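Worksheet: one structure, shown below.
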Amino acid sequence: MPYSLSQASIPVFEIALTGLSGVLDKALAFQAAKKLDPATLPTFRLAPDMFTLTRQVQVACDQAKNGGARLAGVEPPKFEDNEKTLEEIKGRVAKTLDFVKSLDKGKIDASADREITFPLGPVNKGAMKGDDYLTHFVLPNFYFHCTAAYAILRHCGVEVGKRDYLGAIPMKMT
């Protein structure tokens, strides 16, 4: 059986977003243990020109939500970018997971050769075949922002490791 676009996207989004939610759980425990102001971790960034933790998670979620929706040929839900706390950020991840799980795998698989048009900033648009869109735009951007969110929390002292980042990958251990 050939490897399909739905196989290359839906499980990837589900596993990574579930892992990200677990990392945010550890961040919540860290925040409570250190008695941090709830606004501290969400607004942290690794460098002055990088997005904050909140924005990294929003963009990762948007890549999964919008990318999956475009491949499935449906309109993605609009999420307001108004999360201020780790709990609210976790809520964004949960809403994204719910939406991604609802996508029609057959429609995603049928999009391999269909041209996908997508915004590139406020003015420009990009266009790619569905398979290229997923493998060369959506997935790299999705992983970049998930990794940045993880790195921010790790830098702040949250005890997370590679297994937290990888999540529940489908692997047998012997």
Check your understanding: Considering only helices (runs of 4 or more DSSP H) fully contained in region 1-106, which possess at least 2 residues that are open to solvent by 60 Å² or more (accessible area, probe 1.4 Å) and of a type in the set (Asp, Glu)?
Key -> 86-102
Point to revise | Complete set of residues in region 116-133 that are touching a Ser or Thr at 6+ places or on another chain (Cβ under 6 Å) and either touching a residue at least 60 places away in the same chain (Cβ under 8 Å) or part of a helix (DSSP H, G or I) (or both) | key: GLY130
**Study point:** Selection from region 107-123 of residues that are open to solvent by less than 90 Å² (accessible area, probe 1.4 Å) and among the acidic types (Asp, Glu)
**Key:** ASP109
Point to revise | Selected residue [under 19 Å from the mean Cα position of the chain (by Cα), among the aromatic types (Phe, Trp, Tyr) and at pLDDT below 95] from PHE118, PHE99 | key: PHE118
**Study point:** Out of PHE137, PHE144, sole residue that is open to solvent by 90 Å² or more (accessible area, probe 1.4 Å) and either closer than 26 Å to ALA47 by Cβ or in contact with an Asp or Glu (Cβ under 7 Å, 6 or more places away or on another chain) (or both)
**Key:** PHE144
Study note, to complete from the structure: Here the residues within region 145-167 that are in contact with a Gly (Cβ under 7 Å, 6 or more places away or on another chain) and not in a helix (DSSP H, G or I) are GLY167
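Results for (1) under 21 Å from VAL158 (Cα atoms); (2) charged (D, E, K, R); (3) free of Cβ contacts under 8 Å to residues at least 40 places away in the same chain, shown as yes or no for each residue.
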| site | (1), (2), (3) |
| --- | --- |
| ILE15 | yes, no, no |
| ALA29 | yes, no, yes |
| THR54 | yes, no, yes |
| ALA60 | yes, no, no |
| GLN63 | no, no, no |
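The values are calculated or read from the model by the stated rules, or taken from the named source; none is laboratory data. Computed from a predicted structure; not experimentally measured. Heads up, the Cβs are rebuilt from the backbone with ideal geometry, glycines too, and the neighbour counts pull from every protein chain shown. Heads up: the accessible areas ignore ligands, DNA and RNA and are worked out on the full protein's heavy atoms, side chains in. Shrake-Rupley method; radii C 1.70, N 1.55, O 1.52, S 1.80 Å.
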